[in-house]
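Note sheet for the following structure.
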């Protein structure tokens, strides 16, 4: 029986399905639910930064946009949980998604971690590697991989 569930959300359709699965399990098992989003850091190529702005300004603009996007993903998770009649606690981290997901799962004492089988696109997979594989390899509790 699961008492605490952590679900990773990333704005993708598969991330949405992972959230739905986590909420369904939480409802049946009367478990607490935590949603998290990890803002990937350290891998954005300089090609995406504007040549018209100094690098520090362009980098800060990118980080601000990623932070806003993370907040939107977490707000969506809160709305989805509320619509299902459940409460959810949200967490935002910066860093390597797999490492942060497994760290938060341990910090929370989550019995189950729910992640999508892949992220938002091929470019994300190129930069991130397989987050779900990392979580499976490093988790200390049960992991549910939601496939697309």
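Annotations
- Residue count for the stretch 85-144 satisfying the condition of being surrounded by 15 or more Cβ atoms within 10 Å (Cβ to Cβ), modelled with pLDDT under 90 and assigned to a helix (DSSP H, G or I): 2.
- The set of residues in the stretch 62-76 being under 18 Å from residue 40 (Cβ atoms) and in contact with a helix residue (DSSP H, G or I) (Cβ under 9 Å, 6 or more places away or on another chain) consists of 62, 73.
- Exactly one residue out of 33, 7 is buried (at least 23 other Cβ atoms within 10 Å of the Cβ), more than 21 Å from residue 118 (Cβ to Cβ) and modelled with pLDDT of 95 or more, and it is 33.
- Close pairs from the stretch 66-91: first on the phi < 0 side of the Ramachandran plot and in contact (Cβ under 8 Å) with a residue 40 or more places away in the chain, partner loosely packed, with under 13 Cβ neighbours inside 10 Å and not in a helix (DSSP H, G or I), Cβ under 7 Å, at least 6 apart: 81/87
- Residues of the stretch 64-84 classified as more than 17 Å from residue 10 (Cβ to Cβ) and in a helix (DSSP H, G or I), total: 3
The values are calculated or read from the model by the stated rules, or taken from the named source; none is laboratory data. In this text, all values refer to a predicted model and were calculated from it rather than measured experimentally. Neighbour counts run over all protein chains shown; Cβ positions are idealised from the backbone, glycine included.
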